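Read through the structure below, which is laid out as structure tokens, and then see the notes.
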Amino acid sequence: MEPVETSKSAVHPHPRFYLLIWGALLFLTIVEVGASLKLALPHAEMILLLVTLAIVKAMLVALYFMHLRFERLGLSLIVSLTLLLALILVVMNLGQWWFHSASVVMPPR
């Protein structure tokens, strides 16, 4: 794949590369739907699988369709730290849900 030069500082991939990324996103979406409908995993493992696939898809979208892969380091670092914080919050919430005692009655919503 030959890069397409759009400016002096950024070299972007050929448009066919974006179709490959789109195909990967489509494949991951099909895997997510298939896993949620057909796999007989325990609830916690299913959530972990689906959240992991969603994070991979979000990274693909952010890196290529939002062109963050071609930005300067400062902007990439800000976005990466934001995504890391979001991941930490998701893991903390899942941990709270997974490890609460069965004897503890959760308050109604």
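Electrostatic tally near Thr52: other residues with Cβ closer than 15 Å to its Cβ, Lys and Arg +1, Asp and Glu -1, net -1.
As a ratio to 2.2 N^0.38 Å, the alpha-carbon radius of gyration for region 12-80 is 1.34. Checking every one of the chymotrypsin sites (Phe, Trp or Tyr not before Pro) in region 12-78 against DSSP loop status and a limit of 13 other Cβ atoms within 10 Å picks out no site at all.
Counting Lys and Arg as +1 and Asp and Glu as -1 over every other residue whose Cβ lies under 15 Å from the Cβ of Ala35, the net charge comes to 0.
No lab work stands behind these numbers, since they all come straight from the coordinates. Owing to the predicted nature of the structure, the values given are computational and were not obtained by experimental measurement. Here the Cβ is made from the backbone with ideal geometry for all residues, glycine too, and neighbour counts use every protein chain on show.
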